[in-house]
1. Could you give the size of the charge dipole of the chain about its Cα centre, using +1 on the Cβ of each K and R and -1 on the Cβ of each D and E, expressed in debye and rounded to the nearest 20?
2. Which three lengths, in whole Å and largest first, does the chain cover when its Cα atoms are put on their principal axes?
3. Treat each spin label as a single point 7 Å out from the Cα along the C-beta direction, and report the SER27 to LYS148 distance in nm.
4. Tell me the angle of helix 15-28 to the major Cα principal axis of the chain, expressed in degrees between 0 and 90 and rounded to the nearest ten.
5. Considering only LEU163, ALA28, SER178, whose Cα is most displaced toward the positive end of the charge dipole of the chain, charges sitting on Cβ of Lys, Arg (+1) and Asp, Glu (-1)?
6. Calculate how steeply helix 146-163 sits against the longest principal axis of the alpha-carbon atoms of the chain, using the helix alpha-carbon long axis, and give the answer as 0 to 90 degrees to the nearest 10.
7. Taking the Cα atoms only, what angle lies between the long axis of helix 70-83 and the longest principal axis of the chain, rounded to 10 degrees?
8. Just to be sure I follow the rule: in the chain, considering lysines 8 or more places apart or on different chains, how many pairs have Cα atoms under 23 Å apart?
Amino acid sequence: MPFGEIVIGAPGAGKSTYAHGKYQLFSALERPIAIVNLDPANKSLPYPCAISISSLITLEDVMQEFGLGPNGAMLYCIEYLEANFDWLVEELGRLHPDTWVVFDLPGQVELSTNHESLKHIIVKLGKHDYRLAAVNPCDAHYITDAAKYILVLLLSLRTMLQLELPHVNVLSKIDLLSQFGDLGEEQALS
């Protein structure tokens, strides 16, 4: 029974950095891990990629062939992956059964909040005995503003309800938090 995680989140939140860090940790512990890149727009991956959606479909090809913008093309690519789910199963079947699988997703929040294709892919993976959790890196600067923080929490809640997976929010880029000034009591109350 394969285990793994779906790394979701907003653009620039640190999804690929998180996936790379997970790869480094598992490699240091000599545990089997595979990163699956499901972002057809991500060309510069910081980690060794076991499987990439780019071998099935690319964002540029979809944009050129159908005259779509980047957002529409991204949705099309995920819908195409859903329609060609057998390709993903075949690729995953080449991995050792004990391999921890990390799915690095695109940074389009609508994929995990209200678009059905990703949910259908997750359900199909479950039918193939994959036990997954969602990991949602959230840029730490959002905790510096109450309205932004509430927005991130609501977005996370919507994602939890949509994907129906165990869910972990991770504050990313915490090392950059000092750039946003003092988080003293007077700022927290305003």
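1. Working: 12 positive and 23 negative charges, 60 e Å.
Charge dipole, the chain, about its Cα centre: 280 debye, nearest 20.
2. 56, 45, 30
3. 3.2 nm
4. Its long axis makes an angle of about 70 degrees.
5. ALA28
6. 20 degrees
7. The angle comes out at about 50 degrees.
8. Final tally of qualifying lysine pairs is 10.
Every number here is computed from the coordinates shown, using simple stated rules; none is lab data. Because the structure is a prediction, the values reported are computed rather than measured. Neighbour counts are summed over all protein chains in view; Cβ atoms, including those assigned to glycine, are modelled from backbone coordinates with ideal geometry.
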